[in-house]
Amino acid sequence: MNIAKSLQRQWPLMACIGLVAVAYARAPFGGFVWDDVHLILRDPRLQSWSSFADVVSSSFWSGSSLTINEFYAAVYRPVVSAAYLVETQFFGANPVGFHVVNIALHAVCTVLCIRWLAQRIPSAAPLGIFFGGMLFAVHPSRVETVGWISGCVDLWMVFWILLGLRAWESRRSVLAGALFALALLSKEVAVVVPLLLLTDHFLLGRSTRIWKPWSIATVIITAAFAFRVWQVPLMAAGRPGWAEMPERVLSTLGFFVQRAAFPWPQTVHPAARAYDEVGNEIFAPWAIALGMLAVLSVVALAFLVWRGRERHRAWLADSLWFFVPLLPTLNFLDIDAVARASDRFLYWPLMGVCALTARAVTRGIGLNASMRKAMAGLAIGASVIFVLATAIHVSHFRTDYTLWAHEYEVDQSNTEALWALAGIAKYEGLTESAHQLCTEGFQAAERKRYQWTAIRFALCQLETSLELATPDDPETIAYVRAVYDELMDKSLLSADRGSLKFDIHITSETIQTRLMADPHGVALPRARAHLASGNTGQAIVQLEQITKSYPAAKEGWHMLIAAYRATGEDRRAALVADQARRLFGEELGE
């Protein structure tokens, strides 16, 4: 009899773990995609244990090979950075281990969430617990967090939060505070945990005194935040944009509500930004309306509680577990992100949806036997659909190509997908395809008023045009060279020949600095155009400047050595080759 009762209590947990295993069975066969390459493979700090102090004391993106804005430069997540270091030491460049860690973390979080639900709703029926746990385990929005290696940021944060909640319920406030601090040092969003502890206390009618343990936990979290600011100072990144802030915040909330209720199409950019003809951002009316409806729903629940409707307290408390964790992600500041919302940001807030669902199902099946059968059928159907949807989306994270080909299929104006696919085509030597993708990308960026993105695509068009024209089309080569020269001399990126149709006046000093920061964007292609057009002397002058200003640009040394040899200056070529050998530890120009 005890075994039967134990099985009755445990079957939701075991069933949910089984769903996780099936849904993510193919995840370990995926590779490093998207930011994984920059955050893990190309971060030199992760190659040695001796870098541990640097890894946990510097910005999360400081070792990345990407050029980042001020907001991302101030991100500090030492727990995740340390995890990357440890995983790299154990698994090297093999992505299987990284994926297994992600799946294991998600499985543990699923177990902890189910236990949190059972403790939060003591009267919950096993079917209600299963329904809530199933949502946490295999909701289609989970794929970006679990199936993508870099999505582990939210996994680590929620792992520590759930452990902290167990310690909190056991009245171990110091341990709870320490675990919440680790959550904060995994992702900054965890700063709102103390607010949720308070709302739960007052709304769920806890009889225990809270102020002393809450103060202890909050002091520890505050100390962790102070340590975080000391290590990597916060920066005044982003702009308030007061006029459009209400629309921006409400539409962002609307997108999150939509993704929680109906997470299709499955995409990493569910709320891509768009602009009108004069450059004003467009906010989807349906998203604003949905965001407003969500706010009004919470306000209505709060009003009912204020009016003494005790039975609504638990529903309001659960709702706040969805809304409060979203507060830091609602774009109160415009941080110049590509998309307003991402599925991975729902990993923690969905706990509130899970609690609401478990509570609603428990209440529903208590009405009559037929409702129990209906709920059981709905649970089975939803499980099958979610597992299939999750498994399919997991396959999109197999390689960079499969991910961005899927994103392009979902939205052919997705500039990030077009940029990634163009890069893949260039790498594989498909220059004509890369040129076509860059042309599409430029047109999409122009429509969306993404000036920096439009500039990058225009430069990509120039570079691929040069490659296609060399050596049989000297007129195009000369034209491309003239475009590069005008850009360097006048900060004007203008062309009107064939598919090259753009006219961009670069007046922003920030953009000019970004252009000059990467020699592969303008400097090296310009020198290559001069070489291809036979203007070797001018190319040598440019390459000498490039190797001086950008000594790490190996291609510049290659080109300079070849240019010297082409003009018969073998002695100078040998001197440069010797410099390069000392710099890179290998022979260049052979």
Taking neighbour Cβ counts within 10 Å as the exposure measure, how do Arg363, Arg481 sort from fewest upward? Arg363, Arg481
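With 10 angstrom as the radius, rank Tyr72, Tyr401 by how many other C-beta atoms surround their C-beta, starting from the fewest.
Tyr401, Tyr72
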Mind checking the full-extension length gain between Ala302 and Arg565? Use 0.36 nm per residue of separation minus the Cα-Cα distance, one decimal, nm. 86.9 nm
Distance between segment 138-182 and segment 420-497 - C-alpha centres, whole angstrom: 45 Å
Ranking request for peptides 407-415, 365-373, 189-197, 437-445: highest mean number of other beta-carbon atoms within 10 Å first, then the rest in descending order. 437-445, 189-197, 407-415, 365-373
What Cys residues in the chain have no fellow cysteine's beta-carbon under 4.7 angstrom? Cys16, Cys109, Cys113, Cys152, Cys354
Using alpha carbons only, how many degrees (0 to 90, rounded to 10) separate the axis of helix 78-91 from the longest principal axis of the chain? 70 degrees
Run the numbers for Leu378 and Phe52: contour at 0.36 nm per residue of separation, minus the present Cα-Cα distance, in nm. 112.5 nm
Specify which residue in the list Leu185, Leu418, Thr402 is farthest towards the positive end of the charge dipole of the chain, using unit charges on the beta carbon of Lys, Arg (+1) and Asp, Glu (-1), about the Cα centre. Leu185
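Let a ≥ b ≥ c be the square roots of the eigenvalues of the Cα gyration tensor of segment 148-231; is it rounded (a/c under 1.5), or, if not, prolate (a/b larger than b/c) or oblate? Don't skip to the end; give the middle numbers.
On the way: a/c = 2.18, a/b = 1.53, b/c = 1.43.
Prolate shape, in that a/c is at least 1.5 and a/b is the bigger ratio.
Quick one: grab the alpha carbon gyration tensor of segment 395-474, order the square roots of its eigenvalues as a ≥ b ≥ c, and give me rounded if a/c is under 1.5, else prolate or oblate depending on whether a/b is larger than b/c.
oblate
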Farthest towards the positive end of the dipole of segment 242-321, among Pro265, Ala284, Trp315 and with Cβ unit charges of +1 on Lys and Arg and -1 on Asp and Glu, lies the Cα of Trp315
Theoretical FRET efficiency, 1/(1+(r/R0)^6), r = Cβ-Cβ of Ala478 and Ser395, R0 51 Å, to 0.05: 0.65
Based on the mean of other Cβ atoms within 10 Å per residue, sort peptides 242-254, 507-519 so the most packed one is first. 242-254, 507-519
Mind putting a number on the dipole of the chain about its Cα centre? Charges go on the C-beta only, +1 for Lys and Arg and -1 for Asp and Glu, and I need it in Debye to the nearest 20. 3700 debye
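Here are some pairs, Lys187/Lys373; Lys426/Lys554; Lys501/Lys548; Lys187/Lys212; Lys426/Lys548; Lys187/Lys554; which of them have Cα atoms lying more than 30 Å apart in this structure? It would help to have the intermediate numbers written out before the result.
Working: Lys187/Lys373 41 Å; Lys426/Lys554 18 Å; Lys501/Lys548 33 Å; Lys187/Lys212 26 Å; Lys426/Lys548 27 Å; Lys187/Lys554 36 Å.
Pairs exceeding the cut-off: Lys187/Lys373; Lys501/Lys548; Lys187/Lys554.
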So between Val22 and Glu486, what do we pick up on full extension, going 0.36 nm a residue minus the alpha carbon distance? 161.3 nm
In nm, give the distance between the simple-model label positions of Ile210 and Arg171, each being 7 Å from the Cα along the Cα-to-Cβ direction. 1.7 nm
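Please report Arg456, Arg142, Arg571 as a ranked list, fewest other C-beta atoms within 10 angstrom at the top and most at the bottom. Mind dumping the intermediate values first?
Values: Arg456 22, Arg142 31, Arg571 9.
Starting with the residue having the fewest Cβ neighbours, the order is Arg571, Arg456, Arg142.
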Using alpha carbons only, how many degrees (0 to 90, rounded to 10) separate the axis of helix 285-306 from the longest principal axis of the chain? 30 degrees
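Scan segment 269-342 for trypsin sites (Lys or Arg not before Pro) in coil per DSSP, keeping those whose Cβ has at most 10 other Cβ atoms within 10 Å, and list them by number. Walk me through the numbers on the way to the answer.
Numbers: sites: Arg273, Arg307, Arg309, Arg311, Arg313, Arg340; in loops: Arg273, Arg307, Arg309, Arg340.
Passing sites in segment 269-342 are Arg307.
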Within segment 238-272, whose backbone N sits under 13 Å from a point 7 Å along Cα→Cβ of Glu409? 266-267
If you take the beta carbon distance between Leu293 and Leu195 as r and set R0 to 30 Å, what does 1/(1 + (r/R0)^6) give as a FRET efficiency, to the nearest 0.05? 0.85
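Every number in this text was worked out from the coordinates using simple rules, so none of it is lab data. If you're wondering where the values come from, they're calculated on a predicted model, not measured in any experiment. In this analysis, Cβ positions are derived from the backbone assuming ideal geometry, glycine residues included, and neighbour counts consider all displayed protein chains.
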